[in-house]
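Here's the structure, in C-alpha cells; my notes come after.
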Amino acid sequence: MKEIEIACPIGKEPSAEQIVAAAARSMGVSVKAVSGYRIVRRSVDARGDILYRYRIEAYREGETADEYRVPEYQDVRDAEPVIVIGAGPAGMFAALHLLMRGKCPVVLERGKDVHARKFDMARLSREGIVDEDSNYCFGEGGAGTFSDGKLFTRSSKRGDIREVLHQLVAFGADPSILIDAHPHIGSDRLPAIVENIRKCVTEHGGEYHFGTRVTDIVKRADGGFDVRAAVSDVASEKAACTEKTFTARKVILATGHSARDIYRMFADKGWDLQAKGFALGVRAEHPQSLINRIQYHGKYQPYMPAAEYSFVTQIEGRGVFSFCMCPGGILVPSATGPGETVLNGMSNSARNSKWANSGVVVSVEPEDVPEYSRYGALSLLHFQMDVERRMFDFTGSIKAPAQRMMDFCRRTLSSGLPATSYHPGAVPAPLHELLPEHVSLRLKYAFPEIGNKKMHGYYTNEALLLGVESRTSSPVRIPRDPETLEHVTIRGLYPCGEGAGYSGGIVSSALDGIRCADMV
Ligand SMILES: Cc1cc2nc3c(=O)[nH]c(=O)nc-3n(C[C@H](O)[C@H](O)[C@H](O)COP(=O)(O)OP(=O)(O)OC[C@H]3O[C@@H](n4cnc5c(N)ncnc54)[C@H](O)[C@@H]3O)c2cc1C
C-alpha cells in the first residue's frame, strides 16, 4: 500500500482514471499494477489557491483496503432488557450496540418522535412557547437532531469513530462524511437517519417509548432498578399523564446536558454529583459572504463550500473560543423551559443561508462564581440558569438581547440592529452588562484580538452578538467508576454521554453510548 496526496481545484475533482494514473506514477509501476485505491481524507486548503487535498491509499495486486464492516444486529426479543434513558446520540448508539451484544434495549424518551417534534419547534420559534419535553434539546435524536450535524471528533481516544460514521452512512448519511476533514450531515438529513436507527432497534425486538419522562430511579434490594416515568399520550395535547414503572437489572442514563430535573433527582437522593466547568458567552452572527471573503482571501466562488472558522485564545487565565460554528446556518431558540433565553445554531446540508454563526464562549470554573458555592455540585447549574433568566427578563420573551460587535466592545448600546436569522427576533440590549463581568470583559478583549491577529474583518459592527450561548456542555458531572463506567456508588447505573459530563458533541456522545453498552 502506498499513501499518496492529490491536490485539485474545487469543482475539478479527479476521476478514477486520474487517481489510478497518479498512484501508478508515485509507486513507479504501470497503471495495470494498481489494483485499487481508497480515499482516506478530503480537506479544503485555502492557504493559496483554493484546493481540495485528497489523501489516498493505493494498492498493488494482492493488497486490499482495511474496510470497516458494520456489525450484525441480533434479534433480542427474548433477551435481557437494559433500560436506556434518553434517545440522543449516546442513547441511540448504546441501543444499537446492545443489539449487537444480544441485550434488549428499552429506550425511554421524554420527547416525541422526530416528526412530531418538528411542530413543537416551529411553535417555539413562532409563538415563543416552550414545550418542556419537546424542543431543540429534547425529543427523538436528542440535541443532535436539529443541529448542524458536524461530526468533528477525529480523536480515537474514546473509541472507534469508524463505528459511528459507518453506521450513520448505513442509516442514510452521505458517504462523504467518511472522508471529509470536517464532516457534517445537516438538520434536513438528520431526522431520516434518526428514524432509521429507531426502526432498526424496534425491528430487532428493542423498544422505544416516547412521551416517557423518567421521574425517579429506585435501586431495589435485589440490585435491580425500578425506573418510574410520567407517561403522556404524545398524540394528544389534552391527555393526562399516567405513571409507569419499568424494571431492569441495568440502566444507561443518557439524558443530555439540559435534563436539570435528573440532576435535582440525584441531589435529592444524595447520590454523588460534581460541579463541572463549562463555557458561556454569545452567538456571533456575520454575513456568510464576509466570512467567505476572509477565509478564502477574496477568492470565494459560489461552488465552494461555505467557509468555516474556529479559534481559541487565552485571556486572563481562561479559554475564549469559538463553539459549534454553523456556516450558512441559522440561529435557533434552544431553551428547555419557560422564562429562559438560550441560543444555538443549526444548518442544513447545503449550508446555504446568508449567515454564519458561532458561539463565542468563555470557560467558567466553579471558583469564578463563589457566590453560587452554596449550591454545591449544582453551583454552575444555578449560575447558568440565572444568566439565561436574565436574558429572558430583559426582553420579556425569547427574543434575544443583542448588540453589534464593536458596540459590545465599546460598551455602548446599538442604535439599530442588522438583520438576523434568529426567527423570534432580537432587541437592542447592553449585553456587556447582562453577561457576568468575568465573561463580558474577556469577550471584549477577544473580539478585537481575533480581528487583528487571526481573521481580518471579523471584528466589525456588521456582526451581531446575541445572548446567550450557555448550553455548551454540562455544568454538572455524574461521576462514574473509570473501569466499569458505573456510577461511583450506584452499581448497575451507567451515567452516559454529555449529560453525565463524559462527552461533548454528537460523535463523542455516540462513542460514549457504545462504551457504556459494552460495559453493560
Ligand atoms: C441546536 C444545536 C446544535 C448542535 N450542533 C452540533 C453539531 O453540529 N455537532 C455536534 O457534534 N454537536 C452539536 N450539538 C451538541 C450535540 O447535539 C450534543 O452534544 C449531543 O446531542 C449530546 O448527546 P447525548 O445523547 O449525550 O444527549 P442529548 O442529545 O441531549 O440527548 C438526551 C436525550 O435525553 C432525553 N431526556 C432528558 N431527560 C429525560 C428524562 N427525564 N426522561 C427521559 N428522557 C429524557 C432528551 O429528551 C434527549 O432526547 C448541538 C446542539 C444543539 C442544541
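The values are calculated or read from the model by the stated rules, or taken from the named source; none is laboratory data. Being a predicted model, the structure only gives us computed values, none of them experimental. Quick reminder, even Gly has a Cβ in these numbers, built from the backbone with ideal geometry, and neighbours come from all protein chains shown.
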Item to check | Matching option when the condition is away from the ligand (no atom under 16 Å from the Cβ) and not small (G, A, S), among I294, I330 | outcome: I294
Checklist entry - Could we say that F146 is under 26 Å from N352 (Cβ atoms), buried (at least 24 other Cβ atoms within 10 Å of the Cβ) and either assigned by TED's automatic domain parsing to the domain that holds I262 or within 13 Å of the ligand (Cβ to nearest atom) (or both) here? => result yes
Next on the checklist: Any residue at all in segment 426-438 that's surrounded by fewer than 20 Cβ atoms within 10 Å (Cβ to Cβ), under 27 Å from the mean Cα position of the chain (by Cα) and either assigned to a loop (DSSP other than H, G, I, E, B) or of a type in the set (F, W, Y) (or both)?
Outcome noted: yes
Checklist outcome for this item: Here the qualifying pairs (Cβ atoms under 6 Å; residues six or more apart or on different chains; first in segment 299-312 and within 17 Å of S43 (Cα to Cα) and touching a residue at least 24 places away in the same chain (Cβ under 8 Å); second among the aromatic types (F, W, Y) and surrounded by 13 or more Cβ atoms within 10 Å (Cβ to Cβ)) come out as A307/Y296
Checklist entry - Does V70 satisfy being closer than 29 Å to Y502 by Cα and crowded, with 16+ Cβ neighbours inside 10 Å? => result no
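I'm checking my understanding of the structure. Among residues of segment 110-151 that are of a type in the set (A, V, I, L, M) and part of a loop (DSSP other than H, G, I, E, B), which one is farthest from the chain's Cα centre (by Cα)?
I129
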Checklist entry - Do you know which residues across segment 77-88 are part of a loop (DSSP other than H, G, I, E, B) and either in contact with a helix residue (DSSP H, G or I) (Cβ under 6 Å, 6 or more places away or on another chain) or of a type in the set (G, A, S) (or both)? => result A79, G86, A87, G88
Checklist outcome for this item: Note on segment 412-466: residues within 30 Å of Y372 (Cα to Cα) and acidic (D, E) are E433, E437
Checklist entry - Residues of segment 464-492 being surrounded by fewer than 24 Cβ atoms within 10 Å (Cβ to Cβ) and among the aliphatic types (A, V, I, L, M), which ones? => result L485, V488, I490
Checklist outcome for this item: Those strands (runs of 3 or more DSSP E) completely within segment 174-266 that have 2 or more residues that are of a type in the set (D, E, K, R) and either within 16 Å of the ligand (Cβ to nearest atom) or not assigned by TED's automatic domain parsing to the domain that holds D133 (or both) are 212-219, 225-231, 242-248
Item to check | Among (1) surrounded by 16 or more Cβ atoms within 10 Å (Cβ to Cβ); (2) in contact (Cβ under 8 Å) with a residue 60 or more places away in the chain; (3) under 22 Å from P287 (Cβ atoms); (4) out of contact with any Pro (no Cβ under 8 Å at 6 or more places or on another chain) - the single one E388 does not satisfy | outcome: (3)
